[in-house]
Amino acid sequence: MGPVADLFDLGGRVAVVTGATKGIGRAMAEGLAGAGAAVVVSSRKQDLCEAVADDVAAATGRETLGLACHVGDWDAIPAFVERVYDRFGRVDVLVNNAGINPASTPVVDLTFEYWRKLQSVNLEGPLRMSALDAPRMRDAGGGSIIHVASVGAYVGGAGNAAYAASKAGLVVLAKVMAREWAPWNVRVNVISPGPFVSEMMLGAERVAPGLLDRSAAATMLGRVADPTEIVGATVYLASAASSFVTGEDHVVSGGMLRG
């Protein structure tokens, strides 16, 4: 193995990926395991976590753990973190990917319950998970936290107020965490995907036919991405290849315009 490959090697590391049973989350889990990490596959359904963890282990030969956690439940997260540490004794990489965007809702029609649901999953879950893991990463010598936001944080599309606000908040939260935790050697970065083929996007296509084509046309590359195309950025930010990178948002959008 040459020196460049060594930079991306995650052998001996433990990575936690939330929202990891489908779409880009599953691709991230598979990519991190492929780079050598033991991976915790998490989403809300335990049976699905276990099935995907088994698939990742079979495909990569790496140790995996399927462990459910609803990141929108503030009080459920500490027990999840404890179980991960009981199993592996460490977390080197945390990918806060779990997120929801249930429906297009104009600002004047937003309800408190809808607003709170999105903020609890998309923003407060990553906050809670990171705050519990970062001190332990510090004690182990450092780590990498990756928040998954969206180009929607910059675009502010009509009907997306709650979602866009949560993702914009996540970008700023990463900058604050990066500044506070830099002395701990805990790096915090963001990946903001553009249009990727996912259950969320396919569901939106059913509600608004033509969305996939419009999204593809809005990118310079003229297409919607496959979930595997998120892996490069993920492994880069998780590994020593990005050892001097923190507080940054890495847009993976095929050149989609922002703003």
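The values are calculated or read from the model by the stated rules, or taken from the named source; none is laboratory data. If you're wondering where the values come from, they're calculated on a predicted model, not measured in any experiment. Glycine also receives a Cβ, built like all others from the backbone with ideal geometry; neighbour counts cover every protein chain displayed. Note: accessible area is taken over every heavy atom of the protein model, side chains too, but ligands, DNA and RNA are not part of it. Shrake-Rupley method; radii C 1.70, N 1.55, O 1.52, S 1.80 Å.
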Could you look through segment 216-259, keep only residues that are among the hydrophobic types (A, V, I, L, M, F, W, C) and in a loop (DSSP other than H, G, I, E, B), and pick out the one that is surrounded by the fewest Cβ atoms within 10 Å (Cβ to Cβ)? 244
May I ask you to list pairs of residues, at least six apart or on different chains, whose Cβ atoms are under 7 Å apart, with the first in segment 39-52 being closer than 9 Å to residue 64 by Cα and the second being open to solvent by 60 Å² or more (accessible area, probe 1.4 Å) and modelled with pLDDT of 95 or more? 39/62
Flagged in segment 87-127 as aliphatic (A, V, I, L, M) and closer than 30 Å to residue 238 by Cα, in numbering order, are 91, 93, 94, 95, 98, 100, 118, 121, 123, 127
Restricting attention to segment 94-104, does a residue exist that is open to solvent by 80 Å² or more (accessible area, probe 1.4 Å) and at pLDDT below 95? yes
Exactly one condition in (1) surrounded by fewer than 22 Cβ atoms within 10 Å (Cβ to Cβ); (2) at pLDDT 95 or above is not met by residue 2; state its number. (2)
Evaluate the following for residue 68: is it farther than 17 Å from residue 234 by Cα, small (Gly, Ala, Ser), open to solvent by less than 60 Å² (accessible area, probe 1.4 Å) and assigned to a loop (DSSP other than H, G, I, E, B)? yes
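State whether the residues of segment 128-148 include one that is charged (D, E, K, R), open to solvent by less than 10 Å² (accessible area, probe 1.4 Å) and under 27 Å from residue 9 (Cα atoms). Reasoning before the result, please.
Residues of segment 128-148 charged (D, E, K, R): 128, 133, 136, 138-139.
Next cut, open to solvent by less than 10 Å² (accessible area, probe 1.4 Å) only: 133.
Among the residues that remain, those that are also under 27 Å from residue 9 (Cα atoms) are: 133.
Yes.
Would you confirm whether or not segment 163-182 contains a residue that is of a type in the set (A, V, I, L, M), open to solvent by 30 Å² or more (accessible area, probe 1.4 Å), part of a helix (DSSP H, G or I) and farther than 30 Å from residue 244 by Cβ? Even if it seems obvious, please write down each step before you answer.
As a first pass, look at segment 163-182 and keep what is of a type in the set (A, V, I, L, M): 164-165, 168, 170-174, 176-178, 182.
Narrowing the set further to residues that are open to solvent by 30 Å² or more (accessible area, probe 1.4 Å) leaves 165, 168, 172-173, 176, 182.
Of the ones still in play, those that are also part of a helix (DSSP H, G or I) are 165, 168, 172-173, 176, 182.
Now narrow it down to the ones that are farther than 30 Å from residue 244 by Cβ: 165.
Within segment 163-182, one or more residues are of a type in the set (A, V, I, L, M), open to solvent by 30 Å² or more (accessible area, probe 1.4 Å), part of a helix (DSSP H, G or I) and farther than 30 Å from residue 244 by Cβ.
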Which listed residue is in a strand (DSSP E or B) and more than 13 Å from the chain's Cα centre (by Cα), from 16, 39, 56, 52: 39
Within the bounds of segment 188-210, is there any residue that is polar (S, T, N, Q), open to solvent by less than 10 Å² (accessible area, probe 1.4 Å) and either in a loop (DSSP other than H, G, I, E, B) or more than 19 Å from residue 118 (Cβ to Cβ) (or both)? yes
Expected output for segment 156-171 (first residue closer than 18 Å to residue 113 by Cβ, partner of a type in the set (Val, Ile, Thr), Cβ below 7 Å, 6+ apart or cross-chain) is 159/105; 161/107; 162/105
Tally of residues being within 20 Å of residue 71 (Cα to Cα) and modelled with pLDDT of 95 or more across segment 124-153: 20
Does residue 62 satisfy the condition of being surrounded by fewer than 24 Cβ atoms within 10 Å (Cβ to Cβ) and under 17 Å from residue 133 (Cα atoms)? no
Could you grab me the full set of residues in segment 90-112 that are free of Cβ contacts under 8 Å to residues at least 24 places away in the same chain and either farther than 23 Å from residue 191 by Cβ or in contact with a Ser or Thr (Cβ under 6 Å, 6 or more places away or on another chain) (or both)? 108, 109, 111, 112
